[in-house]
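Below is one structure, written out as structure tokens; comments come after it.
Values in this text are rule-based calculations from the coordinates and carry no lab data. A quick note: this is a predicted structure, and the numbers were derived from the prediction, not measured. Don't worry about glycine lacking a Cβ; one is built from the backbone with ideal geometry, like all the others, and counts go over all protein chains shown.
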Amino acid sequence: MSHRTLIATCDCRTTHFTLTLPTNTLPLTVHLCHCTVCRRTHGAPCSFHAPVPLGNEPVFIAPSSLDTSLTGYVHGPSAKSTRYFCTTCGCHIGDRDCKGQWYISVSIFQEGDSAAWEIASHAYTHSTGDGGISGLLNVIDGRKLEVWNPPQDTQGGQQEATSNALLGQHVQRQEQADGEDEDKGEGEEDQTLLAQCHCGGIAARISRPGSSKSDPTKKWRAFFGLSRDARLVTGTHVTGWLSVGKERISPPIPTGTLCIGTAKSYRSSKNVLRAFCGVCGATAFFVSHQASQAGIVNVATGILRAEEGVMLGSWASWEWISGITSLQDGLRYDEGFACALSEGLRAWRIKHHGDTKGPAPDDELDT
Ligand SMILES: [Zn+2]
Ligand SMILES: [Zn+2]
Ligand SMILES: [Zn+2]
């Protein structure tokens with residue numbers, strides 16, 4: 001039987017492993033999980049996971065090892081799996097369940113090609129409140145993505161017997177308590193938006209821009225990142241960011257370290273400082289040199305808990321995918337995904353922001 005070896009590294013390269021699979025199991029089927037646990041442990045719009053055929057597992061390349069390079073996080077008493085992320089840069093590599101089966105983060109492999117992976121579905125979209133990026137990512141390379149939700153939900157129930165049944169069992173086992181612990185975290189009285197990772201070790205409140213705290217028409221700028229760095233510190237194809245004036249975040253986030261609570265900082269390039277949670281691995285903040293000069297801290301949207309849903313409703317004005325470099329990175333890594341996302345975002349902006357001219361990529365940003 002012929003095999004193919006796929007190679008994965010995180011951004012800092014402390015985590016380095018191969019995954020060798022029989023070619024007749026490829027491409028592996030990828031699901032985008034939008035559940036609250038995935039969003040708040042990754043800090044991203046969703047996770048990008050593929051179940052690895054049982055009996056196959058990552059082989060770490062020394063000095064990298066599961067025990068010395070990675071931190072494990074068990075998300076609650078009912079959790080049947082451990083989520084692993086790089087201790088140095090925060091990159092999620094996937095989950096391993098109690099039977100030894102891996103659900104691997106496909107975004108960290110050198111091979112982003114369609115012969116290795118096929119993004120097939122969205123899962124747990126109802127936990128987003130507004131559909132999240134499933135609302136702007138319906139078709140990739142002419143292939144329609146399925147949407148799966150738990151059986152107790154009518155719409156999800158109709159699809160339970162589809163090819164997503166296996167995925168459903170997995171996700172459900174891991175994240176049953178998902179909908180129950182929904183903490184929207186939006187203060188009715190003070191009109192602030194809670195940013196909090198899954199473990200709660202990083203927590204801050206954001207108020208609206210402008211001089212009046214309670215003016216609901218004021219929005220912060222939001223954007224998607226497709227850069228190689230953002231992908232490899234998060235473990236997802238795409239990251240979402242809300243650009244917030246640092247004077248509107250409480251407690252204050254020190255721009256020199258970005259560290260509050262359990263945050264750890266990591267410099268992904270000379271120009272960019274990032275922070276993630278050292279306990280649950282959530283990507284939390286980044287600042288570029290330019291953003292720092294302008295008094296802006298970018299907050300990962302996966303840890304934001306807006307009443308209106310994960311696209312942040314009245315809090316965010318979504319702009320283009322950040323930076324021409326970021327878009328080029330995304331196209332180079334997975335052209336089908338990057339094209340589908342940018343087209344979907346264009347349509348979404350027309351519908352939600354009334355934008356008809358279409359934005360231009362912003363060269364000033366970097367993520
Ligand atoms: Zn999930
Ligand atoms: Zn790393
Ligand atoms: Zn955390």
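Across the stretch 305-316, computed HN-Hα scalar couplings (Karplus, 6.51 cos²θ - 1.76 cosθ + 1.60, θ = phi - 60°) run 10, 7, 3, 7, x, 6, 7, 6, x, 6, 7, 10 Hz from first to last residue, x flagging Gly and Pro.
Applying 0.36 nm per residue to the separation of HIS353 and THR5 and subtracting their alpha-carbon distance, the gain on full extension is 120.8 nm. Between amide H atoms placed 1.01 Å from N, distances below 5 Å from ALA263 occur with GLY278, all of them 5 or more places distant or on a separate chain.
Remark: the stretch 193-353 carries a charge dipole of roughly 340 debye about the Cα centre, counting +1 on each Lys and Arg Cβ and -1 on each Asp and Glu Cβ. For THR192, the amide hydrogen comes within under 5 Å of the amide hydrogens of GLY187, counting only partners 5 or more places away or on other chains and with H modelled in the peptide plane. Packing here is the average count of other Cβ atoms within 10 Å per residue, and on that basis the peptides 278-291, 69-82, 304-317, highest first, run 278-291, 304-317, 69-82.
Taken over the alpha carbons of the stretch 193-353 as equal point scatterers, the Debye sum produces base-10 log I(q)/I(0) values at 0.13, 0.14 Å⁻¹ of -0.59, -0.69.
Taking amide H as placed 1.01 Å from N in the peptide plane, ARG221 has its amide H under 5 Å from the amide H of SER243, SER317, each at least 5 places away in sequence or on another chain.
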